[in-house]
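Visitor: Before I ask anything, let me first share the structure, which is written out below as structure tokens.
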Amino acid sequence: MLRIGMLTSGGDCQALNAAMRGVAKVLFEKREDVEIYGIEDGYKGLIYGKYRLLTSRDFSGILTIGGTILGTSRQPFKLMRVPDDNGIDKVAAMKKNYKKWKLDCLVVLGGNGTHKTANLLREEGLNVVTLPKTIDNDIWGTDMTFGFQSAVDIATNAIDCIHTTAASHGRVFIVEVMGHKVGWLTLHAGIAGGADIILIPEIPYDIDKIAEAISRRDKAGKRFTILAVAEGAISKEDAKLSKKEYKEKLKNRKHPSVSYELAEQILAKTGKEVRITVPGHTQRGGAPCPYDRVLSTRLGSAAAELILDKKFGNMVGIVDGEIKAVPLEEVAGKLKKVDPDCSAIREAKNVGISFGE
Ligand code: F6P
């Protein structure tokens with residue numbers, strides 16, 4: 001008997017179901033003695049013993065469906081070693097359930113925090129194989145995460161929709177894009193949507209340069225300016241603060257997010273009306289785009305092969321178009337950021353996009 005535990009952890013994204021289907025289809029195709037324990041709500045289900053047995057039928061018809069059939073939750077890595085409110089040792093509980101269910105491997109679909117915990121479980125002696133999911137595309141060891149391209153589509157569509165109304169009114173518009181601490185999503189959606197100014201955390205901005213870029217467009221007879229702003233965008237002054245100081249500043253920020261602060265500053269500097277659009281969690285919702293369906297199916301299939309070959313302790317990633325196994329210890333704890341000197345930024349600047357530097 002081959003017993004697999006499967007869980008999805010952290011913020012959801014498109015193609016989680018497609019990826020699980022990829023894993024399951026291969027396992028059910030190649031082995032007749034497979035049992036899949038669908039662990040509910042991420043690591044929470046593993047800690048508190050919540051699962052349901054899944055058959056091949058559970059994986060039918062889910063290729064195109066967003067969300068996750070298993071549910072998910074955020075269980076911060078930094079609290080994994082801290083007992084819960086009832087004094088339960090979470091790591092010990094996860095190991096206990098893994099052993100109780102006689103699992104041969106745990107398949108984990110998740111982002112950065114999830115990978116840290118997956119690596120911790122590997123260190124604790126569990127067999128783990130992981131798949132990189134997140135709209136942020138910030139997982140080290142893979143060129144692309146599934147969820148990212150679907151989110152790019154949605155964020156781009158938001159900018160596209162703003163274009164027509166922006167032209168009618170001659171205003172400044174800000175579209176705030178998700179992405180946590182990195183700017184992949186904003187960079188791609190910003191270029192795809194024809195944003196005039198793109199602000200990402202990797203390139204701290206100067207408000208005067210933003211005002212200059214808006215005035216330049218004004219003088220050139222352009223009626224409107226669209227800014228694609230990453231939720232993690234940061235000013236040059238704030239980038240000089242220590243992590244602790246910046247966190248403290250954010251705690252006391254009077255604005256709900258960076259976009260509102262920018263809007264106030266732009267109005268003060270240019271006298272222009274600013275409107276803000278925050279597509280928020282719509283960026284994680286809906287059906288996966290075809291690219292993500294292909295990527296997640298390929299990654300799922302490769303993850304199943306790793307399990308069958310007993311090559312545990314790896315994440316499956318895509319590097320230069322090829323699916324690869326990347327050791328978990330290399331992935332965990334690293335963040336894949338946009339390189340400010342990469343060619344995509346250079347090319348964007350060449351077509352006149354300002355990064356507010
Ligand atoms: O990591 C995915 C992500 O959507 C980020 O882009 C965003 O910052 C965060 O999750 C939002 O988290 P939550 O769903 O917990 O509000």
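The values are calculated or read from the model by the stated rules, or taken from the named source; none is laboratory data. Since we're looking at a predicted model, the values are computed, not measured. Note that we place each Cβ from the backbone using ideal geometry, even for glycine, and neighbour counts take in every protein chain shown. Side chains included, ligands, DNA and RNA excluded: accessible areas come from the protein's heavy atoms. Shrake-Rupley method; radii C 1.70, N 1.55, O 1.52, S 1.80 Å.
Visitor: Looking at (1) over 30 Å from SER215 (Cβ atoms); (2) within 16 Å of the ligand (Cβ to nearest atom); (3) open to solvent by less than 20 Å² (accessible area, probe 1.4 Å); (4) not hydroxyl-bearing (Ser, Thr, Tyr), which one does GLY300 not meet, given that it meets all the others?
Guide: (2)
Visitor: Filter the stretch 183-198 down to the residues that are buried (at least 24 other Cβ atoms within 10 Å of the Cβ) and farther than 11 Å from ILE226 by Cα and list them by number.
Guide: Scanning the stretch 183-198 gives GLY183, TRP184, LEU185, THR186, LEU187, HIS188, ALA189.
Visitor: Select, from ASP153, ASP160, ASP89, the only residue that is free of Cβ contacts under 8 Å to residues at least 12 places away in the same chain and either open to solvent by less than 10 Å² (accessible area, probe 1.4 Å) or not hydrophobic (A, V, I, L, M, F, W, C) (or both). I'd like the intermediate steps shown before the answer.
Guide: Working: ASP153 fails: free of Cβ contacts under 8 Å to residues at least 12 places away in the same chain; ASP160 fails: free of Cβ contacts under 8 Å to residues at least 12 places away in the same chain.
Of the residues listed, the single one that is free of Cβ contacts under 8 Å to residues at least 12 places away in the same chain and either open to solvent by less than 10 Å² (accessible area, probe 1.4 Å) or not hydrophobic (A, V, I, L, M, F, W, C) (or both) is ASP89.
Visitor: If I go through the stretch 170-182 residue by residue, how many of them are open to solvent by 10 Å² or more (accessible area, probe 1.4 Å) and aliphatic (A, V, I, L, M)?
Guide: 1
Visitor: Note down all Cβ pairs under 6 Å where the first residue falls in the stretch 224-236 and is within 16 Å of the ligand (Cβ to nearest atom), the second is among the basic types (Lys, Arg) and open to solvent by 10 Å² or more (accessible area, probe 1.4 Å), and they're at least six residues apart or on different chains.
Guide: Listed pairs, sorted by first residue: GLY232/LYS181.
Visitor: Hey, among GLY147, GLY141, which residue is open to solvent by less than 10 Å² (accessible area, probe 1.4 Å), touching a Pro at 6+ places or on another chain (Cβ under 9 Å) and either within 15 Å of the ligand (Cβ to nearest atom) or in the same structural domain as PRO327 (by TED's automatic domain parsing) (or both)? First the steps, then the outcome.
Guide: Numbers: GLY141 fails: open to solvent by less than 10 Å² (accessible area, probe 1.4 Å).
None of the other options fit; the residue is GLY147.
Visitor: State whether one or more residues within the stretch 44-65 are assigned by TED's automatic domain parsing to the domain that holds ASP138, in contact with an Asp or Glu (Cβ under 7 Å, 6 or more places away or on another chain) and open to solvent by less than 40 Å² (accessible area, probe 1.4 Å).
Guide: No, the conditions are met nowhere in the stretch 44-65.
Visitor: Continuing with the same structure: Got a number for residues in the stretch 247-259 being more than 16 Å from the ligand (Cβ to nearest atom) and either buried (at least 17 other Cβ atoms within 10 Å of the Cβ) or not in a loop (DSSP other than H, G, I, E, B) (or both)?
Guide: Qualifying residue count, the stretch 247-259: 3.
Visitor: Related question: Hey, can you tell me all the residues within the stretch 1-27 that are in contact with a strand residue (DSSP E or B) (Cβ under 6 Å, 6 or more places away or on another chain), assigned to a helix (DSSP H, G or I) and either more than 15 Å from VAL108 (Cα to Cα) or open to solvent by 10 Å² or more (accessible area, probe 1.4 Å) (or both)?
Guide: Residue satisfying the conditions is LEU27 alone.
Visitor: Answer yes if at least one residue in the stretch 320-335 is closer than 21 Å to THR114 by Cα, in a helix (DSSP H, G or I) and open to solvent by less than 10 Å² (accessible area, probe 1.4 Å), and no otherwise.
Guide: Kept after step one, since they are closer than 21 Å to THR114 by Cα, are these residues of the stretch 320-335: 323-335.
Then drop every residue that is not in a helix (DSSP H, G or I), which leaves 328-331.
Next cut, open to solvent by less than 10 Å² (accessible area, probe 1.4 Å) only: 328, 331.
Among the residues of the stretch 320-335, at least one is closer than 21 Å to THR114 by Cα, in a helix (DSSP H, G or I) and open to solvent by less than 10 Å² (accessible area, probe 1.4 Å), which makes the answer yes.
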